[in-house]
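Colleague: Please see the structure below; I have some questions.
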Amino acid sequence: ENVASVDVSRKDNSARIMFHEPDRIHPESLNQEFRELGYSFSNKPFKHQKNSLFYKDQSGKRRLNKAVVPKVMKSLTLALVLLVVFFIVEKLQLGRFVSVDAKSSLIAFFLLGLVAGLSSCAALVGGLLLSMTKQWHEMYIDDDTNKKQPHALFHVGRLVAFFILGGVLGVLGETVSFNNTTVYAALVMIISVVMLLLALQMLEVAWAQRFQIRLPKFISRAAANEQTVRGKYMPFATGALTFFLPCGFTLIAQGIALTTGSFIQGGLTMLLFAIGTLPILLGISFTGLKFTKKPHLTAKFSHVAGIVIVFFAIYNINGQLNVLGYTSLSDIRFGSSKTIDVPVGGMSVLEEQILSFTAQGFEYIPTGPTILQSGVPTKLVVQDRGILGCGAFIAARGLFNGYVALEPGENIIDLGVPKKGTYKVTCSMGMVPPVTVKFR
């Protein structure tokens, strides 16, 4: 009451408030109103508190802020514990306990989704949901009763889209295929960069605050306005679009939905898979809501979540660099290389050559030379002896297009006549340690 307008700048860390009658607004009343949110008001300037880990003193030298170090260490420790748990679950390779095909029961697809929620899919969909939590919290900061609404819409949108689009796959069958490595990689990397920027803002990195992701005002106002359909259902659309994110387990379910030939069967296949991923995603939503209910914990949640999202974003980007065949962190080798050279005596003109792998566990193991002749008809022969997760979809950009679904036993892929160059063989998400193949 009595406030005429407010102009807030995150870039300048300032808020300019214009009143109709300034004398009617007193710091004491504001302090009482905002005590739970942790804000203090005064007619006199507060002594400036440095909240960043490093600051510049009066001489201009950069110094460590010892008062902030304990808080940073607590956030780092909790984030590291969460990441260690993530890697432990990844190493367990729970996917080996779930095998699905077109004849599998719907319960099997639920279990597949459950495993997917505990795998690298969590780094993509879970990371996206985690990065949106802070935005949704701020949208409903004054409305406790509706804070759950965007989370509910996200999850409902995901379930509805998986059923409808799964049904569409069932009807269209083999005429439709989500199988373009470049498009998928670009999509994941764009989402990951946005996640990274949001994470840095959560961590209160000053320069990141300058890069606010904004749409034109006439769109953003409508999107933020809860009275409009676009604003109210934006989280619903976000959840629905996760159908197109290339998690290896999702691709497996989508591939089977394609073979059903039925809208209902294809829809139920994807719906049960999505329901299987729900417990972990609901856990992320619940954690975010629980922390943001207590204002003094909101900053701690943002710091821990920010660190985790930074890791997930880099993890996703690194995987897609592998898919695209570019240099990545995966190229750093601490042990022996998987590259196998062909003997010099064997480099005579060939009519055909074989590039062979065994796909087992969560890796592709070369069983023959990985340095071969260019300009020679080549076949890739992969023996699938129980590959897990996204490893069931092999990718090698430049050698063949898209992803190839591996079947148990021998898989033969015609590579045509490869050009001179270096290529990476990995899975659809780039998470399987890439094997470098060279044609000279």
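Each value in this text was obtained by applying a stated rule to the coordinates, not by laboratory testing. The model shown is predicted, which means the values in this text are computed figures rather than measured ones. Methodologically, a virtual Cβ is constructed for each residue, glycine included, from the backbone with ideal geometry; neighbour enumeration extends over all protein chains shown.
Colleague: Report, by chain and number, residues whose modeled amide H sits under 5 Å from the one on Gln373, excluding near sequence neighbours (fewer than 5 apart, same chain).
Modeller: Arg440
Colleague: Using modelled amide H (1.01 Å from N, peptide plane; none on Pro or chain starts), what sits under 5 Å from the amide H of Val432, excluding residues fewer than 5 places away?
Modeller: Under 5 Å from the amide H of Val432: Cys427.
Colleague: To the nearest 0.05, how large is the calculated FRET efficiency for Glu36 and Ser262 if R₀ is 51 Å and r is the Cβ-Cβ distance?
Modeller: 0.40
Colleague: State which entries of Lys71/Lys134; Lys47/Lys71; Lys44/Lys290 exceed 28 angstrom in Cα-Cα distance in the structure shown.
Modeller: Checking Cα-Cα distances, Lys44/Lys290 exceed 28 Å.
Colleague: In terms of modelled amide H atoms, which long-range or inter-chain residues lie less than 5 Å from the amide H of Phe41?
Modeller: Counting only residues 5 or more places away or on other chains, the set is Asn31.
Colleague: When a/c reaches 1.5 or more, the comparison of a/b and b/c decides; with that in mind, is region 343-440 rounded, prolate or oblate per its Cα gyration tensor?
Modeller: prolate
Colleague: For a paramagnetic label modelled at 7 Å from the Cα of Thr182 toward its Cβ, which residues of region 375-401 fall within the zone defined by backbone nitrogen distances under 20 Å?
Modeller: 394-401
Colleague: Between Phe19 and Phe244, what is the FRET efficiency for a Förster distance of 51 Å, r being their Cβ-Cβ separation, to the nearest 0.05? Walk me through the numbers on the way to the answer.
Modeller: Working: r = 49 Å, r/R0 = 0.95.
Using R0 = 51 Å, I get an efficiency of 0.55.
Colleague: How far apart, in nm, are the 7 Å Cα→Cβ label points at Val381 and Phe87?
Modeller: With each label point 7 Å from Cα toward Cβ, the separation is 3.7 nm.
Colleague: Please compute the modelled spin-label separation between Val205 and Ile190, points set 7 Å along Cα→Cβ, answer in nm with one decimal.
Modeller: Going from the Ile190 label point to the Val205 one covers 2.1 nm.
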